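The block underneath contains the structure these notes are about, expressed in structure tokens.
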Amino acid sequence: QAAAGNFDQYRHGGELATALSSTLRAKDNHFGVLYSAAATKGAAPPARSISRQLNMQRQNFGFKRVEILPGNIGYLALDQFANPGFDDPASAAKVAADNALNFMANSSAVIIDLRQNGGGSPEMVGYLVSAFTAADAPIYNQFRQRQGSFSEAPSQFFAKPRLDVPLYLLISGRSASAAEGFSYTLQAAKRATVVGEASAGGANPGGSFPAGAHFLVFVSTGSPVNPITGSNWEGTGVVPDVVVPSSQALTRAQQLALSQLLSAQPTHPLQQVWRWASELLDMKEQPNIAATADYAGQYQDLTIALANNRLALHRGKRPPQYLQALRPDLFAIEGLADVRIRFDRDDKRQIKAAEFFTVDGFEQRFARNVDQPVVSEIK
């Protein structure tokens with residue numbers, strides 16, 4: 001193509017790198033060319049301004065966020081797979097992985113979000129897979145190279161794998177390389193449900209090679225083979241089990257997890273917790289019941305009124321808490337999955353009290369003060 005003059009129009013190195021990347025990726029989705037204007041006089045591009053290790057540290061080795069969502073669902077946003085450094089007993093990347101997994105150890109289900117994950121280390125892929133599968137399970141991808149091969153199976157397995165916890169993986173068109181390997185391995189092993197959009201389709205790992213003073217070229221040097229499928233995801237990407245727009249994948253995975261928990265464990269003590277969390281998710285997909293002046297009033301030391309065009313409660317010097325309507329006379333408090341408010345009416349359909357219920361069975365009742373003027377809006 002160069003001999004034919006197809007790249008002559010590009011006068012900037014960055015534009016040439018982009019054109020070369022687009023041409024090469026038709027052959028392999030890992031191919032890519034990087035350009036640096038601040039090149040040295042030697043044959044190799046300049047060193048990174050921030051070391052790779054420091055870059056990984058400032059990004060917490062890819063473990064961007066970990067929390068417990070309503071319904072006791074563990075959630076991990078994982079943006080890259082850092083090398084776990086098994087040779088170092090104090091490896092910061094492995095410590096970060098263990099901390100994230102241990103944080104979710106008591107969750108009823110787990111969601112791992114790979115929608116922004118562009119890849120990384122197969123060793124970390126194997127280690128995180130081992131947190132949800134039996135040690136030495138014959139499920140790991142084998143990577144063929146020109147000289148020999150290597151397995152995705154980790155040299156160390158996670159100490160306390162959770163073999164039965166419902167597991168959901170979120171992917172998008174930005175999920176690539178190692179993120180796809182993680183999803184593909186667990187999906188093929190029927191250990192996880194993949195939710196979202198088809199991934200990027202880059203299966204073959206490799207490394208960067210210098211090409212003159214200004215350019216680096218990423219070249220694939222190996223190709224994975226999954227022992228279950230006998231294939232990989234190059235070109236096609238990982239196809240989700242549940243296809244939804246990636247922006248909706250988290251909500252959909254939460255709904256699936258809660259539905260699975262509710263149906264699989266009907267006598268579990270957390271049934272009410274899961275049901276209330278499921279109600280909140282379903283409510284977000286429905287038009288909110290209009291807030292009416294009917295609910296506004298003074299309820300002992302509580303004030304319920306409009307705030308910012310939304311129904312809210314106000315108590316003392318605390319900031320307003322906004323109410324989310326579940327159905328007539330029943331509300332949740334925004335940000336509090338474990339509390340419900342029910343408005344009790346008399347025979348004439350007049351509200352006489354606001355009753356607070358917690359998911360663990362406690363109640364509190366606030367009688368309406370009918371003799372006090374109604375506060376229509378909280379400023």
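Key figures
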quantity: Rounded accessible area per residue of the chain, 1.4 Å, Å²; calculated: 52
quantity: Förster-model FRET efficiency, 25 Å R0, V219 and V243, C-beta, rounded to 0.05; calculated: 0.15
quantity: For the chain, size of Cβ-based charge dipole, Lys and Arg +1, Asp and Glu -1, in debye; calculated: 580
quantity: Built amide H within the under 5 Å cut-off of I333, gap 5+; calculated: Q324, V339
quantity: Highest-first arrangement of 136-144, 18-26, where packing means the average Cβ count within 10 Å; calculated: 136-144, 18-26
quantity: Accessible surface of region 103-151, 1.4 Å probe, proportion on carbon and sulfur as whole %; calculated: 48
quantity: Evaluated over the chain, the Cα radius of gyration and Dmax, each in Å; calculated: 26.9, 90
quantity: Region 203-339 - percent of accessible surface contributed by carbon and sulfur, probe 1.4 Å; calculated: 54
quantity: Accessible area in the full protein assembly, largest first, 1.4 Å probe, for V370, V219, V244, V125; calculated: V370, V219, V244, V125
quantity: Sequence of V95, V273, V129, V243 when ordered by accessible area, the most exposed leading, probe 1.4 angstrom; calculated: V243, V95, V273, V129
quantity: Euclidean distance between Cα centres, region 173-242 to region 52-125, Å; calculated: 18
quantity: Percent antiparallel among DSSP beta bridges (both partners in region 63-192, rounded to 5); calculated: 45
quantity: With all protein chains modelled, accessible area of R191 [1.4 Å, Å²]; calculated: 40
quantity: Positive-end extreme of charge dipole, region 154-267 - chosen from G181, A192, V242 (charges on Cβ); calculated: A192
quantity: Amide H contacts of G119 (H built 1.01 Å from N, under 5 Å, at least 5 apart or other chain); calculated: F81, A176, A178, A179
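The values are calculated or read from the model by the stated rules, or taken from the named source; none is laboratory data. None of the values given here were measured: they were computed from a predicted structure. Glycine gets a Cβ as well: all are built from the backbone with ideal geometry, and neighbour counts include every protein chain shown. Calculation scope for accessible area: heavy atoms of the full protein, side chains included, ligands and nucleic acids excluded. Shrake-Rupley method; radii C 1.70, N 1.55, O 1.52, S 1.80 Å.
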